[in-house]
Each structure stands twice: as structure tokens, then as C-alpha cells.
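Read the figures in this text as sums done on the coordinates, not as results from a lab. Model, not experiment: these values are computed from the prediction. Note that we place each Cβ from the backbone using ideal geometry, even for glycine, and neighbour counts take in every protein chain shown.
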Amino acid sequence: MTVLYEDDALIVCVKPAGALSEKSEKPNMISMIASHTGAEPYPVHRLDRETGGVMVYAKTKQAAAALSEQIRQGSFEKRYLAVAQGVFEEKSGEMTDLLFRDKLKNKTFVVDRERAGVKTAKLEYAVLDEKNGFSLAEILLHTGRTHQIRAQFSSRKHPLYGDRKYGGCSGDLALFAYSLEFTHPLSGEKLKLEYLPDFSIPPWNIFEYNKD
């Protein structure tokens, strides 16, 4: 587990793909952080098991409440990198959809009308590079629905690489939460923590990516 930032109120670390965000069977982030700090943290957001990337956990109930309020108000910024199948006609834009979560199937669907269980989902995307029929996209998430990015991209015929649940090709899911930006719950300092996926391994190595 890679730690990017830590103090008495919170810890920011990199969740490995395959680990659970919350406490369940191992490997999970709660157990990993508890082994590091000596106490279980408070989760305030989550990532899918298959998705790796930057996460923040609170060390106190007060910090957890403050971070959760930032998420509720939309001031907690999450950015992702993803490899999607196909080439986009529009190289940047917004995706706004109605999503329905089928818990029995563990799958999220884009639907065309509001009904019980349907929630609005919104994100922004920008294509950073295209090669060999794949697109590298940066995504700014405005809502945090389960499988949101995966479902929205798939509905537009651009499933993510490795996302077989939503029509993608075989391989590891190419979705990585690379950036978090939020206000420290105690100091009021604006924090921005970033960590990139490994661009030396497939499918990230399809692209030449330089954050600067």
C-alpha cells in the first residue's frame, strides 16, 4: 500500500486493483490501513474492487463527517484515467444519464425515464490520446454512482478495456482514480494528491502519456 499523505486526521493512499474499499474479505483497504496505523479508519468514498487509485480515509469521526459533507456539496474532486475501446467523435464533453442499479445482477444500466431507484449521473471527459483503436481519456466525476463511468462509456459504444461486465475486451480493467482534491477537514488547506497508473504495462503502454 502506497501512502501519499498522512496526519492525525486522515490518510491518503493508493488502493491496489483487486482490493476492496471497505471491510470485507481480504485484501481490503481497512485492514491494510489498520496494519499501518494501528486503528481502523473511517471510509468516506469507495472504488470498485477492480479499480485502483487514490483514496482518502478519515482517522476520526469528525474528519469523516467533514469529508462526507464535501462530497455531498460537490467540492470533493475526483479525476480518473481510463482506456476506452474505439475512437470518440467528440474529443471532450459531458455525459449526463439516468442510471438504474440492479443489485441482483450487480450491474448499472442507463435508462430513459425516471422511476424508483433511478439516479442522475454526470461526468466530464477529455480524450488525451488515441492509438490502435483505443482512447485514453481523463474523467472528472460530478456524481459517484456505482459503476457510473463503466456504464456511461459502455452505453455510448465505448466500453472500458478489460470491462467484460459492460462489453469490454478481456484483460485487466483500465480505470484508475489518479487524482483527489479536497479541503483538509481541520486546517482548511486545499489538498491535491495524484498518482498515475503504471504506463509500462498493458493497456496503458499503448499510449505515450506525460502529465506535464
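How high is the relative contact order of the stretch 2-206, in percent, with contacts defined as C-alpha pairs under 8 Å that are six or more residues apart? Before the final figure, lay out the partial values.
Values: 443 pairs, mean separation 41.3, N = 205.
So the answer I get is 20 percent.
Can you tell me how the stretch 61-132 classifies by the Cα gyration tensor, rounded, prolate or oblate, using a/c under 1.5 as the rounded cut?
It is oblate, given that a/c is not under 1.5 and a/b is not larger than b/c.
I need the shape label for the stretch 1-62. Rule: rounded when a/c is under 1.5, else prolate if a/b > b/c, else oblate, with a, b, c from the alpha carbon gyration tensor.
Details: a/c = 1.63, a/b = 1.45, b/c = 1.12.
Prolate, because a/c is 1.5 or more and a/b exceeds b/c.
Report, by chain and number, residues whose modeled amide H sits under 5 Å from the one on Glu50, excluding near sequence neighbours (fewer than 5 apart, same chain).
Sorted by chain and number, the residues that satisfy this are Gly18.
Under a plain spin-label model, where a point goes 7 Å from the Cα along Cα-to-Cβ, how far apart in nm are Lys131 and Val3?
According to this spin-label approximation, the distance is 3.6 nm.
Only Lys, Arg, Asp and Glu count, each charged at its Cβ (+1, +1, -1, -1), so figure out the dipole size of the chain about its Cα centre, rounded to 20 debye.
920
Determine one quarter of the surface area of the Cα convex hull of the chain, which equals its mean projected area, and express it in nm² to one decimal.
Across all orientations, the chain yields a mean hull projection of 12.3 nm².
Within a Cβ distance under 14 Å of Ala116, other residues only, what is the Lys/Arg minus Asp/Glu net charge? Each step should come with its number before you reach the end.
Numbers: positive: Arg101, Lys103, Arg113, Arg115, Lys119; negative: Asp102, Glu114.
Taking every other residue near Ala116 into account, the sum is +3.
Springs between alpha-carbon pairs under 10 angstrom, Gaussian network model over the chain: which of Ala65, Ala174, Ala17 fluctuates most?
Most flexible of the set in this elastic network: Ala65.
Taking a ≥ b ≥ c as the square roots of the Cα gyration tensor eigenvalues, with a/c under 1.5 meaning rounded and otherwise prolate when a/b beats b/c, else oblate, which class fits the stretch 101-212? Don't jump to the answer; show the numbers that get you there.
Values: a/c = 2.08, a/b = 1.08, b/c = 1.93.
Judged from the Cα gyration tensor, the stretch 101-212 comes out oblate (a/c at least 1.5, b/c at or above a/b).
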